[in-house]
Every structure is written in C-alpha cells, then in structure tokens.
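Below: the structure, in structure tokens.
The values are calculated or read from the model by the stated rules, or taken from the named source; none is laboratory data. For clarity, every value in this text was computed on a predicted model and none was experimentally measured. Glycine gets a Cβ as well: all are built from the backbone with ideal geometry, and neighbour counts include every protein chain shown. Side chains included, ligands, DNA and RNA excluded: accessible areas come from the protein's heavy atoms. Shrake-Rupley method; radii C 1.70, N 1.55, O 1.52, S 1.80 Å.
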Amino acid sequence: MTALPEVTGVGRTDVEVTVVIRVSAPGTRVVDTAGRLAAALRSALDLRDADVVVDLRDADVVVDLPAPRTEPVLRILVDSRRVLHRGVPVQLTRLEFDLLHHLCTHPHRVHRRASLMSTVWGTRTVVDTRTVDVHVRRIRHKLGDAASIITTVRGVGYRLDHAGEVVVERDAPAS
C-alpha cells in the first residue's frame, strides 16, 4: 500500500488533502478494506467532524502475486473413492461416498430426497426418504467441522453450500 498526498487549496482556512491508496485484494474485500481504511484515517487524525470520502468509481482489482495455495477443507478423490478432510482421510461407506460426491458435483441447488434416492440409490420406487436423512446425518458426523457444507432445506431435501471449500478431482496418475 502506498499513500501519495496531494495538498490543494493552500492559503484558505479549509485544506483539502487527497490520499490515493492502492489496495490489492479479492473483489468484495476491496470495498470492505477501503471502508476500514477510511474509518482508521478518520480516527487516527481525529477527524470526527471532517468528511472522509471513499471513492471507488475508478477502483479495480490488481493481483500482483498469485494467492497462496491452501488445502481445501474437503477433497474428494473420485478414482480411489477417498475423501480427505483437511488432508485427513474420512471413512465413508459406498452410499455415503456416492451421496456426498453427487451433492458436491451439483452444488447450490436443492436435491429432493426422492430424486437422491433415484440418482444415488438407483431405486425407482421410494419406500422411505428418511434413508437419505440418515445417510446425510452420518456424513455430517464424519465430516466434523466441514458438516456445514450440506444444508437442509426443510420439507424439500439438501443443498451443498460453500462449494469453494470442496475440491472434487480425479486421482493423480501413478508415476
């Protein structure tokens, strides 16, 4: 971050100072960061009665360096049918894996219980959709703090949220 002051209006009782601050951050964080910087500037300079304006009209996001790569919360390795929670293997049954994989490959949409029974279990007739509830409850228990990625939509089914925390990938080929 660099600040370059430009003083205008010299010789008057009111002095206007323009401070240009370059902020590089992911999209929506720029606006939040600029607001916090304006509040900090107002506080640090004891400018309670002064106007501190944050002008984002010409703002753009500049990425100088690639973001550091971090391990996803949940990694699903399709070929070996493994699930890793923060790098630690999670033991799932065949149907638990299939259900989680289906939700993760179709995020942000509501999956009805009957549809999940048909797609994941392969049944055409639905005997009891509570089977889905039991499997989701077991998956959530096994995922621990990552359980919040699966959201219950009351009276309808389930939805996978926070898809950015999940990576579904084919296993790396053996060397």
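Considering only residues that are open to solvent by 30 Å² or more (accessible area, probe 1.4 Å) and in contact with a Phe, Trp or Tyr (Cβ under 9 Å, 6 or more places away or on another chain), which ones fall in the range 84-110? Answer for the range 84-110, where residues must be open to solvent by 30 Å² or more (accessible area, probe 1.4 Å) and in contact with a Phe, Trp or Tyr (Cβ under 9 Å, 6 or more places away or on another chain): LEU95, ASP98, VAL110.
Criterion applied to LEU116, LEU99, LEU143, LEU95 was being within 14 Å of VAL73 (Cβ to Cβ) and among the aliphatic types (A, V, I, L, M), and the one residue passing it is LEU143.
Selection within the range 116-135: residues that are within 29 Å of SER80 (Cβ to Cβ) and not aliphatic (A, V, I, L, M). The member of this set that is most open to solvent (accessible area, probe 1.4 Å) is THR119. If only one of ALA172, ALA147 is of a type in the set (A, V, I, L, M, F, W, C), at pLDDT below 90 and within 23 Å of LEU84 (Cβ to Cβ), which one is it? Answer to the selection: ALA172. Only one entry of ARG138, ARG113, ARG159 meets the criterion of being charged (D, E, K, R) and open to solvent by less than 50 Å² (accessible area, probe 1.4 Å), and that entry is ARG113. Is it the case that the range 146-155 has a residue that's surrounded by 17 or more Cβ atoms within 10 Å (Cβ to Cβ), among the small types (Gly, Ala, Ser) and either part of a loop (DSSP other than H, G, I, E, B) or out of contact with any Ser or Thr (no Cβ under 6 Å at 6 or more places or on another chain) (or both)? Yes - at least one qualifying residue is present in the range 146-155.
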